[in-house]
1. Convex hull over the alpha-carbon atoms of the range 132-206: what's its volume per residue in Å³?
2. Put +1 on the Cβ of every Lys and Arg and -1 on every Asp and Glu Cβ in the range 233-289; which of ALA271, ALA253, TYR284 then has its Cα farthest towards the positive end of the dipole?
3. Per the 1.4 Å probe, what fraction of the accessible area of the chain, in percent, lies on carbon and sulfur atoms?
4. Estimate the FRET efficiency between GLU430 and LYS232 by the formula 1/(1 + (r/R0)^6), using the beta-carbon distance for r and 45 Å for R0, to the nearest 0.05.
5. Just to verify a number: FRET efficiency for MET147 and LYS515, C-beta to C-beta distance, R0 = 45 Å, to 0.05?
6. For the pair GLU114 and ASP469, how long in nm is the line joining their label points, each one 7 Å along Cα→Cβ?
7. Taking 29 Å as the cut-off for C-alpha to C-alpha distance, list the pairs among LYS232/LYS349; LYS335/LYS515; LYS365/LYS444; LYS365/LYS392; LYS318/LYS407; LYS345/LYS433 that go past it.
8. Using only helices, what value at 222 nm comes out for the chain when you add -39,500 (n - 2.57) per DSSP H run of length 4 or more and divide by the total residues, to the nearest 500 deg cm²/dmol?
Amino acid sequence: MKRYDLMTKTLPWVLILSMVLIILPGCGKTPPEQIIATPPSEVSPTPSGTPEATPDATPEPDSPTPEPVPTVVELNGQLRVEGSQLVNEAGQPIQLRGVSSSEVASFGYLVTYEMLKSMRDDWNLNVFRIAMYTEDATGYVRNPRVMEIVTGIIDHCIDLGIYVIMDWHILYDNTPLKYKDHAVEFFSEISALYGEHPNIIYEICNEPNGRDTTWEGHIKPYADEVIPAIRKNDPDNIIIVGTPTWSQDVDIAADDPLPYDNVMYAFHFYAGSHGQSLRDKMEYALSKGLPIFVSEWGSCLNTGDGPTFHEESMEWIKYLDERMISHVNWSFSVKPEGASILRAKVNTKAPLRDIDLTEGGLFAKYAIKGKKDTVLFADGFETKTFYHGKWKRSNESTTYETENPYKGDYAASIGRDGFLERAVSTVPYENLKLHLAYAFDGGKPGDIVKIDWFNGTEYIPVTELPFADGWTELDVELPDSASGVRDFSVRITAAVTDEGTRVLVDEVWLAADKK
Ligand code: DCB
């Protein structure tokens, strides 16, 4: 690992770990004020801020450069399709997980080297998709200068050693035949430029749609021209082909697949709109041996908006992970819509932090990271909506604070005996952990923040957080009985003496392990 990486990786941990306290779950009456600072075991006892000196701290002119960590593309090389499975150069099954840009001419500026590197290193992202619209005002057909943005992002992905999907994002143009000649021109150019790199994956028609657009009559004839054009320059990289009905009808493609090697078929879903009946289509296609690539999925509605559908998304991701099917989340955007991964303000030149992510963005991160843990909800209160009514408030005295938020511009502010409560089913989860930052505006020793959970019938005390100066960030573990509860909710109450005292809350999330 390079010296630079060591510092950027360990330093934040020293800071975070010295800040995070674990409060053990309490049993009803006895206040469980057992606060344990977790010793960061893997971190050296050097005072924070002073990185431990290592022999290579002062590089000598002729000292050997340390071995860099191999990238995903270095490790896996040339991808290919075997049966219905994507495999690496060695023939081992591989699953790509990543995110898609939004409309790249408008939102490509967000896709910097730093953002991609953050997601590669912190999210384990191994693929990025570039959604280049075709017919749109800013699309390739009318705005060929979009090429500059596109090639810039491809170059970043190559430098970072991740795979990159070049998506010809047809949408309102319905049938890919409409701009077939442009597509042939575009993919000829891209494959000539990048075909030698194992990084590149071609997605030749995002989502064919419309009643009149068929597999046999439109998509196959289109593929029969675009695929040979690519193969002239690039004999082997993966090509993804869209399927009818917004890339949902993989069953139709499965009955009549294309005759080329290393071709996969796009399947897209939005968890708020699509469920079991679409999984049935996929199941059928897989049973026929069709190689499927989920080059776009959303945790929201198929409009790109709406809330995060955690349970439904989880079911999809679990299904895909079990089958090693690659998936790419829609989308890396700041647009005010449910699909956007990023909150409005993000510094694209600095490492990406969890605080920069929306609720859906955090969900996507964990879906990509592939760890067992996930978040059931998360809120930094930046939307000023109490998440569109998902939080229940005691009354109007529970509001916003802008003077002293923990992070971002807003914190929630709870008046005396007021509360904030969030309901979410904990049915497929275990090991629930509530994360929050709290502070007192006013107050005195003896004032507390009460945490309770609701089991469908009654509120059960979890813990009482003591009065403290400044912000405290901590994790509160919930008892095992709180897992698997359909009508679960968690309540944060300001139990304070003086009428003017307020409890500020920020950065609240409920994390859990998937069962
Ligand atoms: C797909 C498109 C994608 C679209 C998302 C969400 O469309 F590939 O372009 O993105 O899924 O709808 C949304 C964005 C907006 C963007 C707008 C384009 O989130 O920021 O401005 O599209 O105008 C789908 C997917 C599924 C279905 C319908 C659409 N469906 N669709 O199942 O009916 O109509 O766009």
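1. Convex hull of Cα atoms, per residue: 75 Å³.
2. ALA271
3. Carbon plus sulfur share of accessible area: 52 percent.
4. Calculated transfer efficiency: 0.25.
5. 0.45
6. 3.4
7. LYS232/LYS349; LYS335/LYS515; LYS365/LYS444; LYS318/LYS407
8. The per-residue figure over the chain is -7500 deg cm²/dmol.
The values are calculated or read from the model by the stated rules, or taken from the named source; none is laboratory data. Every value quoted in this text rests on a predicted model; they were computed, and no experiment measured them. When we count neighbours, we look across all protein chains shown, and the Cβ atoms used for this are built from the backbone with ideal geometry, even at glycine. We work out accessible area using only protein heavy atoms, side chains counted, and drop any ligands, DNA or RNA first. Shrake-Rupley method; radii C 1.70, N 1.55, O 1.52, S 1.80 Å.
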